[in-house]
Amino acid sequence: MLEVSQLQTKVAALEIMFRQVYGGEYEFSDFHHNGGSKYFGQNLNDEDAPCAVCKSPRSSSVMIPGRKECFPGWTKEYNGYLVAGDYQHPSASEFICLDERPEMLVGGAANKDGKTFYLAEAVCGSLPCPPYVQGRELTCVVCSK
C-alpha cells in the first residue's frame, strides 16, 4: 500500500513530464500609456483575456501586421494592435491581432501573469524603416475572402 508521502512525491515527479496551460493576461504597464488606454480606450493592464474563436462564412483568412485595412477584394473582420508574449519568457508565443475593442474576464484584474500579452513594436533592420518606425507599436487587421 502506498503511503501518502510516497504518493505526493510520485505525483510531483510526474508533473514535470507534462506541460502546463495558463490563462492569458494583458500586460500593458505604464510604459504603454496608462495600461494601454491610448490604444484600446481603457486600462487593460493585468486584466485576464478570454479565449476567442473567430468564425467567418468565408473560407480564407489572414492576419496582416502593420495595416488597419484589408487589400482590395478582402473583407475586414476586425483591426487592432499586434501583441505577443515577451521574448524573455520561456513559454511559446506567436503574434496575434488583438481587437481594438478587447474583452476582459469579469473579476480577472489580479496580477497572476500566466501567458502575458505585450504590445509588439517595430525594430528597424531587416524590417524596413520607413514605412515602419523604430519602437512604434504595430497595428494589424484580420481579413477574410
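The values are calculated or read from the model by the stated rules, or taken from the named source; none is laboratory data. Please read all numbers here as calculations on a predicted model, not as lab measurements. All Cβ positions, even for glycine, are placed from backbone atoms using ideal geometry, and neighbour counts span all protein chains on display. Only protein heavy atoms, including side chains, enter the accessible area calculation; ligands, DNA and RNA are left aside. Shrake-Rupley method; radii C 1.70, N 1.55, O 1.52, S 1.80 Å.
The sole residue among N43, N34 that is in a helix (DSSP H, G or I), open to solvent by 60 Å² or more (accessible area, probe 1.4 Å), over 17 Å from C97 (Cα atoms) and modelled with pLDDT under 90 is N34. If I ask for residues that are of a type in the set (A, V, I, L, M, F, W, C), farther than 30 Å from K145 by Cα and modelled with pLDDT of 75 or more, which ones from the stretch 75-109 would you list? Correct list: L105, V106.
Kindly indicate whether S5 is modelled with pLDDT of 80 or more and hydroxyl-bearing (S, T, Y). So S5 does not fit the description; no. Within the stretch 105-121, restricting attention to residues that are of a type in the set (A, V, I, L, M) and touching a residue at least 24 places away in the same chain (Cβ under 8 Å), which residue is farthest from G80 (Cα to Cα)? Selected residue: A110.
Close Cβ contacts (under 9 Å, 6 or more residues apart or on different chains) running from residues in the stretch 127-145 that are among the basic types (K, R) to residues that are part of a loop (DSSP other than H, G, I, E, B) comprise R136/A122; K145/R58; K145/S59; K145/S60; K145/C70; K145/G73; K145/W74. Taking strands (runs of 3 or more DSSP E) as the structural unit, those lying wholly within the stretch 62-145 and holding at least 2 residues that are of a type outside the set (A, V, I, L, M, F, W, C) and surrounded by 15 or more Cβ atoms within 10 Å (Cβ to Cβ) correspond to 75-84, 115-119, 139-144. Modelled with pLDDT under 70 and on the phi > 0 side of the Ramachandran plot - does that describe any residue in the stretch 15-25? No - not one qualifying residue is present in the stretch 15-25. Which ones in the stretch 46-57 are part of a loop (DSSP other than H, G, I, E, B) and touching a Phe, Trp or Tyr at 6+ places or on another chain (Cβ under 9 Å)? Selection gives D46, E47, C54.
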